[in-house]
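Input: a single structure, listed below in structure tokens.
The values are calculated or read from the model by the stated rules, or taken from the named source; none is laboratory data. Being a predicted model, the structure only gives us computed values, none of them experimental. Please note: Cβ atoms are built from the backbone with ideal geometry, for glycine as well, and neighbour counts cover all protein chains shown. For the accessible areas, the whole protein counts, side chains as well, though only heavy atoms, and no ligand, DNA or RNA atoms are used. Shrake-Rupley method; radii C 1.70, N 1.55, O 1.52, S 1.80 Å.
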Amino acid sequence: MRSWHGHAAWAMRGVALGSLLALTGAGTAWAKEIVLPEKNPAVTLTIPDDWKTEVRDTEVVSTSPDGDVSFEVGFETRADRDSLVKDKVSFLRKQKVNLSIKPVEQAMDFGGTPARVQRYRTTDKYGTTIVDLVTLDASRDRALLMTI
């Protein structure tokens, strides 16, 4: 049984993730919009101009100006969702993120879209960190993976 503090932490992370997703709909003068892919988009993100952002074929990587928050949003076919997660876990391990611990898993709802969150309270080459892997269906045939 999780304590109230545990529920509050998940609620706060839900707010943080919700805020991140809210970026996808907030069109402001101080932000850039990224549509991926351009034809038949799987994801549209609006990211503040001062964030360092790199757009690749199937993913967007963005880091806050102070370097404290980084996220990646990638997509793949729903059939390849598991390989998308496995590839990300492999990449994180190569970056010295300790993922040998069992993550805490939670189902969440993002505006009517069900999602699964895997939270790792762990360490990386800089010290303690939290890594969230969030998977959700972007459409009938595509899935998204957000790594925060």
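Just a few scattered comments:
- None of LEU136, LEU145 is free of Cβ contacts under 8 Å to residues at least 40 places away in the same chain and closer than 15 Å to GLU72 by Cα except LEU136.
- When we screen ARG56, ARG78, ARG119 for residues that are modelled with pLDDT of 95 or more and either under 28 Å from PRO37 (Cβ atoms) or touching a Pro at 6+ places or on another chain (Cβ under 8 Å) (or both), the only hit is ARG119.
- Among the residues of the stretch 17-42, the one identified as modelled with pLDDT of 50 or more and among the polar types (S, T, N, Q) is ASN40.
- Here SER139 does not qualify as part of a helix (DSSP H, G or I) and open to solvent by 20 Å² or more (accessible area, probe 1.4 Å).
- Strands (runs of 3 or more DSSP E) contained entirely in the stretch 29-130, each with at least 2 residues that are free of Cβ contacts under 8 Å to residues at least 12 places away in the same chain, out of contact with any helix residue (DSSP H, G or I) (no Cβ under 8 Å at 6 or more places or on another chain) and exposed (fewer than 13 other Cβ atoms within 10 Å of the Cβ): 104-110
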